[in-house]
Amino acid sequence: MTEELTVNGFAEGKVVRIKPFGAIVALSNGQQGLVHISHVSDKFVQDINDYVNVGDFVKVKVLSVDADSGKIALSIKDAGLTIKEPPVKVPFFSEDFQRPVKELATFEEKMKNWQKTSNELQATLSKRKKRK
């Protein structure tokens, strides 16, 4: 029996493919949906591979389900959590690909990274200004 997806509901699944525009997630009910790159994190995502890998288990929020085309839009950032262990063993998932999801950075780590990036950009701008 496959459970029905509801808009604004939550589901769990495994990242099976990564494209430049998002990640394809196989849901526990056998369907697949797309997490667009803009719905991976609250901050700007340059490279989706920095956030998810093939084989990661994630909790997602269902944004929309198009019954005609079968397209399912999902969001990791709106779900608020990531899953470290699979919720259910789905037969077509290989045991080799079960690995934990990357830990989210703490506020202090984010601020340190922002400061480092800011200083690097400021140094680059100063060098350009001195050349003129």
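The values are calculated or read from the model by the stated rules, or taken from the named source; none is laboratory data. Source: prediction; values computed, not measured. Heads up, the Cβs are rebuilt from the backbone with ideal geometry, glycines too, and the neighbour counts pull from every protein chain shown.
Computed values, structure above
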{"quantity": "Checklist (1) under 16 Å from LYS71 (Cβ atoms); (2) assigned to a loop (DSSP other than H, G, I, E, B) applied to ASN8, failing item", "calculated": "(1)"}
{"quantity": "Boolean, LYS14 is at pLDDT 85 or above, among the basic types (Lys, Arg) and under 30 Å from THR117 (Cβ atoms)", "calculated": "no"}
{"quantity": "Scope the stretch 22-65; condition part of a loop (DSSP other than H, G, I, E, B) and either touching a Leu at 6+ places or on another chain (Cβ under 8 Å) or hydroxyl-bearing (Ser, Thr, Tyr) (or both); matching residues", "calculated": "SER28, ASN29, GLN31, SER41, TYR51"}
{"quantity": "Where a residue in the stretch 57-68 is of a type in the set (Phe, Trp, Tyr) and its partner, wherever it lies, is surrounded by fewer than 17 Cβ atoms within 10 Å (Cβ to Cβ), with Cβ under 7 Å and at least six apart", "calculated": "PHE57/GLU85; PHE57/PRO86"}
{"quantity": "Members of the stretch 11-21 that are free of Cβ contacts under 8 Å to residues at least 40 places away in the same chain and either in a strand (DSSP E or B) or small (Gly, Ala, Ser) (or both)", "calculated": "VAL16, ARG17, ILE18, LYS19"}
